[in-house]
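*Asks:* Dumping the structure here so I can ask a few things about it.
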Amino acid sequence: MALDENQSGPGGGRSPDSDIPGTATVEDEVDTQVSSSPDAADATDSLGGYIRLIGKRVRSGESGVLPVLGGLILLVIIFQIQDTVFLSAGNLVNLLVQGSVFVLLGMAEIWVLVLGEIDLSVGYVAGIGGTVTAILSTTHGLPWYVAVAGGMVATGLIGALWGVLVIRLRLPSFVVTLAGLLGMEGVLLYLVNANGTGGTIRITSSVLLDIANGNMSNIAGWIVMILTVAGFGAITVLRDRHRRVNGLVAPPLPITAVKVAVMAAAGVVLVLVCNTDRGVLVPVQGVPWVVLVVLGFLALWSFLLGRTRFGRYLYAIGNNAEAARRAGISLGWNKLWAFTLTGLTSGVAGVVYASRLGSISNNIDGGTLVLYAVASAVIGGASLFGGRGKMVYALLGGLVIATIYNGMGLLGLAASYQYMVTALVLLAAVTIDSLARRGTTST
């Protein structure tokens, strides 16, 4: 099936990457501008020059993750002042587990937001993923890995279906996925009622339950942390070296060292907090397995989106679809794969959701979940207009939402306040994005 007139294969392009308009990220565009200026060498080799370059980018509206980091720190301070339990080990680990679903759904949404599209069905698609996994594992007694694979394949195919409808029929993704939201809610109700007792399918596999409720051993947590920091450090150093060799702006060695040190410090704090005994009647220690799941998908999807030709094509399409088409990029196939990955990632979120509750029921609020998915991506820094977004944005945005959800729960505030505060934070994020785009356009 040829999805458009340009290509017959996924991710294909007829021209070299260097000839593709719009494939460069914002960072690459700044690199090009600076590299052609007399101060390029200073910006690359001098710590002061690099700091001035960062300051210039911030003043031009490219503040990156700084606003969301500042907002997250502010929220933590406010909730800690209101209730000192907030920064306790038990509550912080609970916050990480709560936020895992928001983060994964945000990552699912990033795939289509980069294209300038949207998927409003991810909440109920996630429910389908959890339901299919529960049915295959509990009702049919299949091994947990077969059940999880079945759930992910099912949701990946659903995402592919939305992609085909958007591409072949030229329908707005908003309309297609809004219909998908309603349709998947009906499918979810049918599956649960047909296979559950009282509208609920319980998870019986200990492995599936441990995804969100189990913990690594203390030693395993340290080993994973050390390997993660070592891998991050190696990749960062090699990437910066590659950029310098090619004449692009790269952080000076002190900045690179600071990045690795911050990553290491964050890893140490995370493991120390998680290894603290947070049990009441019995000892409970260790990094939750779901943290490893989230970090694994964060690393994999970040590499696919930011370091492959397929990812560059998605940015190109999101920045200027017509220019990308004229450059030989297959709009159809790349959009199809993006929608498929959105569905697949939603399925992972659904498995984590079912694992955390120990069951999947017909009263899952997929409408609220999709709002949290979009909010996680946009609050983190992804653009609703396409062309900008990273998986780490979903991580930060998901943590902001989880912090609001968790902190207000500790204070005993009603859900109405949680929704209103989240709405204000989302509105602020969209406003910042819109103002930044205006500033970039005017310059």
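The values are calculated or read from the model by the stated rules, or taken from the named source; none is laboratory data. On a predicted model such as this, the values are computed, not experimentally measured, just so you know. Cβ coordinates were reconstructed from backbone atoms using ideal geometry, including for glycine residues, and neighbour counts include every protein chain displayed. Calculation scope for accessible area: heavy atoms of the full protein, side chains included, ligands and nucleic acids excluded. Shrake-Rupley method; radii C 1.70, N 1.55, O 1.52, S 1.80 Å.
*Asks:* Can you tell me which residues in the range 196-205 are polar (S, T, N, Q) and either under 26 Å from Leu272 (Cα atoms) or outside any loop (DSSP other than H, G, I, E, B) (or both)? Working first, answer last.
*Replies:* First, the residues of the range 196-205 that are polar (S, T, N, Q): 197, 200, 204-205.
Within the range 196-205, just Thr200 meets the criteria.
*Asks:* List the helices (runs of 4 or more DSSP H) that sit entirely inside the range 206-302 and contain at least 2 residues that are closer than 23 Å to Tyr353 by Cβ and open to solvent by 60 Å² or more (accessible area, probe 1.4 Å).
*Replies:* Details: elements: 206-213, 218-245, 253-275.
The qualifying helices (runs of 4 or more DSSP H) are 206-213.
*Asks:* Follow-up question, since we're still on this one. Anything in the range 130-154 that is assigned to a helix (DSSP H, G or I) and of a type in the set (A, V, I, L, M)? List them, or say none. Walk me through how you get there before you give the answer.
*Replies:* Start the filter on the range 130-154 by keeping residues that are assigned to a helix (DSSP H, G or I), which leaves 130-139, 144-154.
Hits for the range 130-154 are Val132, Ala134, Ile135, Leu136, Val146, Ala147, Val148, Ala149, Met152, Val153, Ala154.
*Asks:* Only one of these is more than 25 Å from the chain's Cα centre (by Cα) and more than 30 Å from Leu120 (Cα to Cα): Arg278, Arg239, Arg170. Name it.
*Replies:* After ruling out the rest, the residue left standing is Arg278.
*Asks:* Kindly indicate whether any position in the range 164-176 is surrounded by 24 or more Cβ atoms within 10 Å (Cβ to Cβ), in contact with a strand residue (DSSP E or B) (Cβ under 8 Å, 6 or more places away or on another chain) and hydrophobic (A, V, I, L, M, F, W, C).
*Replies:* no
*Asks:* Could you tell me whether Ser330 is in contact with a Phe, Trp or Tyr (Cβ under 7 Å, 6 or more places away or on another chain) and surrounded by 24 or more Cβ atoms within 10 Å (Cβ to Cβ)?
*Replies:* On the way: in contact with a Phe, Trp or Tyr (Cβ under 7 Å, 6 or more places away or on another chain): no; surrounded by 24 or more Cβ atoms within 10 Å (Cβ to Cβ): yes.
In short, no.
*Asks:* May I pose another question? Give me the residue from the range 184-205 that is among the small types (Gly, Ala, Ser) and open to solvent by 30 Å² or more (accessible area, probe 1.4 Å) and, out of that set, farthest from Ala126 (Cα to Cα).
*Replies:* Filtering the range 184-205 down to residues among the small types (Gly, Ala, Ser) leaves 186, 194, 196, 198-199, 205.
Remaining after also requiring open to solvent by 30 Å² or more (accessible area, probe 1.4 Å): 186, 194, 198.
Details: Gly186: 13, Ala194: 18, Gly198: 21 Å.
Among residues in the range 184-205 that are among the small types (Gly, Ala, Ser) and open to solvent by 30 Å² or more (accessible area, probe 1.4 Å), the one farthest from Ala126 (Cα to Cα) is Gly198.
*Asks:* Residues in the range 379-395: is at least one of a type in the set (Ser, Thr, Tyr), open to solvent by less than 60 Å² (accessible area, probe 1.4 Å) and without any contact (Cβ under 8 Å) to a residue 40 or more places away in the chain? Lay out the reasoning, then the answer.
*Replies:* Within the range 379-395, the subset of a type in the set (Ser, Thr, Tyr) is 383, 393.
Now drop any that are not open to solvent by less than 60 Å² (accessible area, probe 1.4 Å), which leaves 383, 393.
Those left that are additionally without any contact (Cβ under 8 Å) to a residue 40 or more places away in the chain: none.
The answer is no; no qualifying residue exists.
*Asks:* Given Leu157, Leu105, which one is part of a helix (DSSP H, G or I), open to solvent by 50 Å² or more (accessible area, probe 1.4 Å) and touching a residue at least 40 places away in the same chain (Cβ under 8 Å)? Talk me through it step by step, then tell me what you get.
*Replies:* On the way: Leu105 fails: open to solvent by 50 Å² or more (accessible area, probe 1.4 Å).
Just one listed residue meets the conditions, Leu157.
*Asks:* Given the condition surrounded by fewer than 24 Cβ atoms within 10 Å (Cβ to Cβ), under 16 Å from the mean Cα position of the chain (by Cα), touching a residue at least 40 places away in the same chain (Cβ under 8 Å) and farther than 16 Å from Met184 by Cβ, answer yes or no: does some residue in the range 303-314 qualify?
*Replies:* Yes, the range 303-314 contains at least one residue that is surrounded by fewer than 24 Cβ atoms within 10 Å (Cβ to Cβ), under 16 Å from the mean Cα position of the chain (by Cα), touching a residue at least 40 places away in the same chain (Cβ under 8 Å) and farther than 16 Å from Met184 by Cβ.
*Asks:* Which one of the conditions (1) under 26 Å from Gly387 (Cα atoms); (2) in contact with a Ser or Thr (Cβ under 8 Å, 6 or more places away or on another chain) does Met184 fail to meet, given that it meets all the rest?
*Replies:* Checking Met184 against (1) under 26 Å from Gly387 (Cα atoms); (2) in contact with a Ser or Thr (Cβ under 8 Å, 6 or more places away or on another chain), the one that fails is (1).
*Asks:* Go through (1) under 18 Å from the mean Cα position of the chain (by Cα); (2) open to solvent by less than 10 Å² (accessible area, probe 1.4 Å); (3) closer than 23 Å to Leu295 by Cα and name the single condition Val97 misses.
*Replies:* In the conditions (1) under 18 Å from the mean Cα position of the chain (by Cα); (2) open to solvent by less than 10 Å² (accessible area, probe 1.4 Å); (3) closer than 23 Å to Leu295 by Cα, Val97 misses (2) alone.
*Asks:* Now for a different question. For the range 130-171, which positions are hydroxyl-bearing (Ser, Thr, Tyr) and either over 23 Å from Ile118 (Cβ atoms) or touching an Asp or Glu at 6+ places or on another chain (Cβ under 7 Å) (or both)? Show your work before the answer.
*Replies:* From the range 130-171, those hydroxyl-bearing (Ser, Thr, Tyr) are 131, 133, 137-139, 145, 155; that's our starting set.
Matches in the range 130-171: Thr131, Thr133, Ser137, Thr138, Thr139, Tyr145.
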